[in-house]
Amino acid sequence: MEEKYRNHDLKKDIDLIGLGNAIVDIIVKVEDQFLELNNLEKGSMNLINSNVSEVLLENCKVIKKISGGSSANTVVCLAELGNNVQFIGRVKNDNFGDFFTTDIQKSNTIFNTPPVDEGSSSAHSIIFITPDAQRTMCTFLGASVEFEPKDVNPDSIKNSKYLYLEGYLWDGELAKNAFLKAANIAKEFNTKIILSLSDSFCVDRHRESFLDLIKNYIDVVFCNESEILSLFKEDDLERCIESISSICELVIITLGNKGSLVIEKGKSEEVKPKLFGKIIDTTGAGDLYAGGFIHGLINNYPLQKCGEIGSICAGHIITQLGSRSNINLHNLLKEQLV
């Protein structure tokens, strides 16, 4: 039986194109008290303006800066695993925009979206890491939410096996229109469409339109447990699995230290977590899991093996600061896969 979520078109020479917020991640270590003083809910993603960003950073020591954003993290993971991938996102011609462009291109990711000269400054996200390794994000979306349909490259999408979309883009009206333009092009040219729900708070904001999007466009959904519970306003995971299986053929649910579930046509298979040491920072764990899993799809691996690769990538990334691996991911897979 045909697996609608796989793309075997050998004429397409791009493995995946990711659309998303082009964000510079600023990693900062704080104590729990810092979150309490600033009324930040641990584990949340908060949208802020540039003034709030300046205030939050005043008394913090920056540990690391990375070209981030959910989709960008997944695309870079795929690039580091040897896939031919491209990222499309909007940056301004400023310091953060220059840093993002230079940093993401180091991974061999194709990023050739020209910077804009007007409008908001480039996006950045302050990621506060507490001693329990949880991350709380405060994000200034800036230029990324001004991403618009003309920023989408139709020829690239036509020539790509997969299109990867992050739910965070749904927060801006222009970006949403670009998102839908890309999805329509992908659907017309048999480019398989993958959606990451991104964040339970994001799902809360856009529940009904996300459900419509999945029904009408999406071939593969990535989410975590809290996101899918939010999507269906449920407290029972099994009922959520039944509901989403009726509208999407392949769904992957990450469960933190409990591993993940791969649900194909309503049939669920467990994937055990991979642990490589002390958890330092959970930033990007879901993004790297998606990257590893999609690497398996691109190479036509069985779904269980796809999940195992995702677990290896996620299990490694949480043992270090930030969402860029300090070691060669390709070599890690060689060592870990039986």
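The values are calculated or read from the model by the stated rules, or taken from the named source; none is laboratory data. Computed from a prediction, not measured in an experiment: that's the story for all the values here. Quick reminder, even Gly has a Cβ in these numbers, built from the backbone with ideal geometry, and neighbours come from all protein chains shown.
State which residue is surrounded by the most Cβ atoms within 10 Å (Cβ to Cβ) when the search covers only the stretch 325-338 and only residues that are in a helix (DSSP H, G or I) and among the hydrophobic types (A, V, I, L, M, F, W, C).
Ranking the candidates gives Leu329 first.
Please enumerate the residues belonging to the stretch 117-162 that are of a type in the set (Ser, Thr, Tyr), surrounded by fewer than 20 Cβ atoms within 10 Å (Cβ to Cβ) and farther than 16 Å from Ser44 by Cα.
If the condition is that a residue be of a type in the set (Ser, Thr, Tyr), surrounded by fewer than 20 Cβ atoms within 10 Å (Cβ to Cβ) and farther than 16 Å from Ser44 by Cα, then Ser120, Ser121, Ser156 are the ones that fit.
Within the stretch 98-119, which residues are within 20 Å of Glu54 (Cα to Cα) and without any contact (Cβ under 8 Å) to a residue 60 or more places away in the chain?
Those that are within 20 Å of Glu54 (Cα to Cα) and without any contact (Cβ under 8 Å) to a residue 60 or more places away in the chain: Asp98, Gly119.
For the stretch 138-157, which positions are touching a residue at least 40 places away in the same chain (Cβ under 8 Å), over 17 Å from Ser71 (Cβ atoms) and either among the aromatic types (Phe, Trp, Tyr) or in a helix (DSSP H, G or I) (or both)?
Correct list: Phe140 only.
Of all the residues that make up the stretch 271-300, how many are among the hydrophobic types (A, V, I, L, M, F, W, C) and under 18 Å from Glu166 (Cβ atoms)?
Looking only at the stretch 271-300, we keep the residues that are among the hydrophobic types (A, V, I, L, M, F, W, C), and these are 271, 275-276, 279-280, 285, 288, 290, 293-294, 297-298.
Subsequent filtering for residues that are under 18 Å from Glu166 (Cβ atoms) retains 285, 288, 290, 293-294, 297.
The total comes to 6.
Considering each of Asn59, Asn108, Asn73, Asn83 in turn, give the residue that is at pLDDT 90 or above and surrounded by fewer than 17 Cβ atoms within 10 Å (Cβ to Cβ).
Asn108
Which one is surrounded by the fewest Cβ atoms within 10 Å (Cβ to Cβ) among residues in the stretch 179-193 that are among the small types (Gly, Ala, Ser) and out of contact with any Phe, Trp or Tyr (no Cβ under 7 Å at 6 or more places or on another chain)?
Ala186
Quick one: which of Glu173, Glu166 is acidic (Asp, Glu) and either under 25 Å from Thr254 (Cβ atoms) or in contact with an Asp or Glu (Cβ under 9 Å, 6 or more places away or on another chain) (or both)? Write out each step before concluding.
Working: Glu173 fails: either under 25 Å from Thr254 (Cβ atoms) or in contact with an Asp or Glu (Cβ under 9 Å, 6 or more places away or on another chain) (or both).
Exactly one residue qualifies, and that residue is Glu166.
Select from the stretch 173-231 the residues that are part of a helix (DSSP H, G or I) and β-branched (Val, Ile, Thr) and write down the one among them that is nearest to Gly286 (Cα to Cα).
Taking the candidates together, the pick is Ile228.
Give the stretch 292-324 a look and list any residue that's surrounded by fewer than 20 Cβ atoms within 10 Å (Cβ to Cβ), part of a loop (DSSP other than H, G, I, E, B) and among the polar types (S, T, N, Q), or say none.
Correct list: Asn299, Asn300, Thr319, Gln320.
Just the residues that are closer than 17 Å to Val62 by Cβ and either among the hydrophobic types (A, V, I, L, M, F, W, C) or not in a strand (DSSP E or B) (or both), please, taken from the stretch 122-137.
Let us first name the residues in the stretch 122-137 that are closer than 17 Å to Val62 by Cβ, namely 122-130, 135-137.
Once the filter is applied, which keeps residues that are closer than 17 Å to Val62 by Cβ and either among the hydrophobic types (A, V, I, L, M, F, W, C) or not in a strand (DSSP E or B) (or both), the stretch 122-137 yields Ser122, Ala123, Ile126, Ile127, Phe128, Ile129, Thr130, Met137.
Is it the case that some residue within the stretch 201-217 is of a type in the set (Gly, Ala, Ser), crowded, with 22+ Cβ neighbours inside 10 Å, more than 16 Å from the chain's Cα centre (by Cα) and farther than 28 Å from Ile318 by Cα? It would help to see each step written out before you state the result.
Narrowing the stretch 201-217 to residues of a type in the set (Gly, Ala, Ser): 209.
So of that shortlist, the ones also crowded, with 22+ Cβ neighbours inside 10 Å come out as none.
The answer is no; no qualifying residue exists.
Among the helices (runs of 4 or more DSSP H) lying completely within the stretch 1-101, list those that include at least 3 residues that are within 20 Å of the chain's Cα centre (by Cα) and not acidic (Asp, Glu).
Qualifying helices (runs of 4 or more DSSP H): 70-80.
Do we find that Asn95 is more than 30 Å from Leu10 (Cα to Cα) and either without any contact (Cβ under 8 Å) to a residue 40 or more places away in the chain or out of contact with any strand residue (DSSP E or B) (no Cβ under 8 Å at 6 or more places or on another chain) (or both) in this structure?
Considered against the rule, which asks whether it is more than 30 Å from Leu10 (Cα to Cα) and either without any contact (Cβ under 8 Å) to a residue 40 or more places away in the chain or out of contact with any strand residue (DSSP E or B) (no Cβ under 8 Å at 6 or more places or on another chain) (or both), Asn95 comes out as yes.
Filter the stretch 86-100 down to residues that are within 17 Å of Tyr164 (Cβ to Cβ) and either touching a Leu at 6+ places or on another chain (Cβ under 8 Å) or at pLDDT 95 or above (or both) and give me whichever is surrounded by the fewest Cβ atoms within 10 Å (Cβ to Cβ).
Gln86
Looking at the stretch 232-261, I want the residues that are touching a residue at least 24 places away in the same chain (Cβ under 8 Å) and assigned to a helix (DSSP H, G or I) and have a partner that is buried (at least 17 other Cβ atoms within 10 Å of the Cβ) and charged (D, E, K, R) with Cβ atoms under 9 Å, at least 6 apart or on another chain. Which pairs are those?
What qualifies is Gly256/Glu225.
What residue, among those in the stretch 278-297 that are closer than 28 Å to Val24 by Cβ, under 17 Å from the mean Cα position of the chain (by Cα) and among the aliphatic types (A, V, I, L, M), is modelled with the lowest pLDDT?
To start, the set of residues in the stretch 278-297 that are closer than 28 Å to Val24 by Cβ comprises 278-295.
Right, trim to under 17 Å from the mean Cα position of the chain (by Cα) and you get 281-295.
Subset that is among the aliphatic types (A, V, I, L, M): 285, 288, 290, 294.
Details: Ala285: 93, Leu288: 96, Ala290: 98, Ile294: 98.
Checking each candidate, the answer is Ala285.
Please determine whether any residue of the stretch 267-281 is closer than 25 Å to Lys106 by Cα, of a type in the set (D, E, K, R) and in a loop (DSSP other than H, G, I, E, B).
yes
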